[in-house]
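Trainee: Here you go, one structure.
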Amino acid sequence: MSQYDHSIDGIREHYRRNNGGHWFSTDTLRFWGSRFSEITFTTPNDGSRVWFVSSEHDFHRRTRLYTVRVYDYTTFQVDTVGEFQAYKTLKQAQAAAKFVAGAKVPA
């Protein structure tokens, strides 16, 4: 069992405590209209990197598009995997996140 909380809430709390940046701030999330899928994926090793999917409005606020992200518990950084808003559906983005993670769904 990993020492890390792989839930979205766990990632957000860990980031807030250790990074202090604006990535998960209320204002940032509101600006982008950000939402998060509750499904996360970890690498089969130590679980220190967690992939998840975020969705944001397009720049015209007409369409919701999806992005694969990775959070690193050792560097406290959130990175975009591939292109921002690369996926039209949640299912496509989750499949991509699972693939790049090597894919173990946390228990």
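Trainee: Given N residues in region 8-101, what is Rg(Cα) / (2.2 N^0.38 Å)?
Mentor: Ratio of Cα Rg to 2.2 N^0.38 Å: 1.04.
Trainee: Right, another one. May I ask you to order 75-84, 25-34, 50-59 by the average number of other C-beta atoms within 10 Å around their residues, highest value first?
Mentor: 50-59, 75-84, 25-34
Trainee: Apply the Karplus parameterisation 6.51 cos²θ - 1.76 cosθ + 1.60, with θ equal to phi minus 60°, to every residue of region 30-45 and state each ³J(HN,Hα) to the nearest whole Hz, in sequence, with x for glycine and proline.
Mentor: Working through the residues one at a time gives 5, 4, 8, x, 5, 9, 10, 6, 6, 7, 10, 10, 10, 6, x, 7 Hz.
Computed from the coordinates by the stated procedures, all read-outs in this text should not be read as laboratory data. This structure is a prediction, so every number in the text was calculated from the model and none was measured. Ideal geometry is used to build each Cβ from the backbone, glycine not excepted, and the neighbour counts take in all protein chains shown.
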